[in-house]
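Read the structure below first, then the notes.
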Amino acid sequence: MNLRALTLATCVILGSAAWAAPPLEVEDPMRGPTPIAQEADPPLISPVENKDIRRMRTYSMQPPTIPHKIDGYQVDKDFNRCLACHARVNTEETQAPPLSVTHYMDRDSNVLAEVSPRRYFCVQCHVPQTEAKPLVSNNYQDIDVILKRLTAPAPAKK
């Protein structure tokens, strides 16, 4: 048998074995047990937290999350409802955290009198939180937790 015929025979045998193998049973956390060819029922929408409590940030430079509902807030080129509370001129009355000075800077770090157009649409970076069950397990640890574990003294041997 020549090399070409041997290669062809090997491909046919391996191909038919793969074709006969049962499909891999994997459940997608987002789709659940619904087969790919069928449309899955959408999950229920989780309620948005409305606690007005600042959350801890999980990494350096993370934008703060929105600790309240923003349903119905108008944020478009003509008006930004967030600024009614968070613009620096309003924070003394509303007690809302003021926008960072970076929101008043253009891309060349020039300070502007108004909010920079690139920082105007708040939900590009800031998001409200829901009380949703995680779709997949997560063992994320903050860098401070990891550093504490690495710098902790070793337990004394007996």
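The values are calculated or read from the model by the stated rules, or taken from the named source; none is laboratory data. These numbers were taken from a predicted model, which means no experiment stands behind them. Note that each Cβ is placed from the backbone with ideal geometry, even for glycine, and that neighbours are counted across all protein chains shown. The protein model used for the area step is the full one, side chains on, heavy atoms only, and it has no ligands, DNA or RNA in it. Shrake-Rupley method; radii C 1.70, N 1.55, O 1.52, S 1.80 Å.
Answer with yes or no whether Q74 is open to solvent by 100 Å² or more (accessible area, probe 1.4 Å) and without any contact (Cβ under 8 Å) to a residue 12 or more places away in the chain. So Q74 fails the test.
Please work out which residue is farthest from H86 (Cα to Cα), limiting yourself to region 120-136 and to residues that are modelled with pLDDT under 85 and open to solvent by 100 Å² or more (accessible area, probe 1.4 Å). Filtering region 120-136 for residues that are modelled with pLDDT under 85 and open to solvent by 100 Å² or more (accessible area, probe 1.4 Å), the one farthest from H86 (Cα to Cα) comes out as L135. Every condition in (1) more than 21 Å from I70 (Cα to Cα); (2) at pLDDT below 95; (3) not β-branched (V, I, T) holds for M105 except the one numbered (2). If you go through region 7-61 and pick out every residue that is open to solvent by less than 100 Å² (accessible area, probe 1.4 Å) and either under 18 Å from V136 (Cβ atoms) or modelled with pLDDT of 85 or more (or both), you end up with 12.
P117 versus (1) open to solvent by 90 Å² or more (accessible area, probe 1.4 Å); (2) under 25 Å from the mean Cα position of the chain (by Cα); (3) under 29 Å from S46 (Cβ atoms): which is the lone unmet condition? It fails just one condition, (3). The numbered conditions (1) at pLDDT 95 or above; (2) assigned to a loop (DSSP other than H, G, I, E, B) are all true for A113 except (1).
Of all residues in region 137-153, how many are assigned to a loop (DSSP other than H, G, I, E, B), open to solvent by 90 Å² or more (accessible area, probe 1.4 Å) and either of a type in the set (A, V, I, L, M) or more than 25 Å from S46 (Cα to Cα) (or both)? First the steps, then the outcome.
Restricting attention to region 137-153, the residues satisfying the condition of being assigned to a loop (DSSP other than H, G, I, E, B) are 137-142, 152-153.
Narrowing the set further to residues that are open to solvent by 90 Å² or more (accessible area, probe 1.4 Å) leaves 137-140, 153.
Those left that are additionally either of a type in the set (A, V, I, L, M) or more than 25 Å from S46 (Cα to Cα) (or both): 153.
The total comes to 1.
Taken together, T91, T102 contain a single residue that is without any contact (Cβ under 8 Å) to a residue 40 or more places away in the chain, surrounded by 13 or more Cβ atoms within 10 Å (Cβ to Cβ) and of a type in the set (V, I, T), which is T91.
Among the residues of region 77-88, what is the count of those that are surrounded by 10 or more Cβ atoms within 10 Å (Cβ to Cβ) and of a type in the set (D, E, K, R)?
2
If you go through region 78-103 and keep only what is farther than 19 Å from I53 by Cα and within 25 Å of the chain's Cα centre (by Cα), you end up with N80, R81, V101, T102, H103. Of all the residues that make up region 107-132, how many are within 30 Å of D28 (Cβ to Cβ) and touching a residue at least 12 places away in the same chain (Cβ under 8 Å)? Of the residues in region 107-132, 9 are within 30 Å of D28 (Cβ to Cβ) and touching a residue at least 12 places away in the same chain (Cβ under 8 Å).
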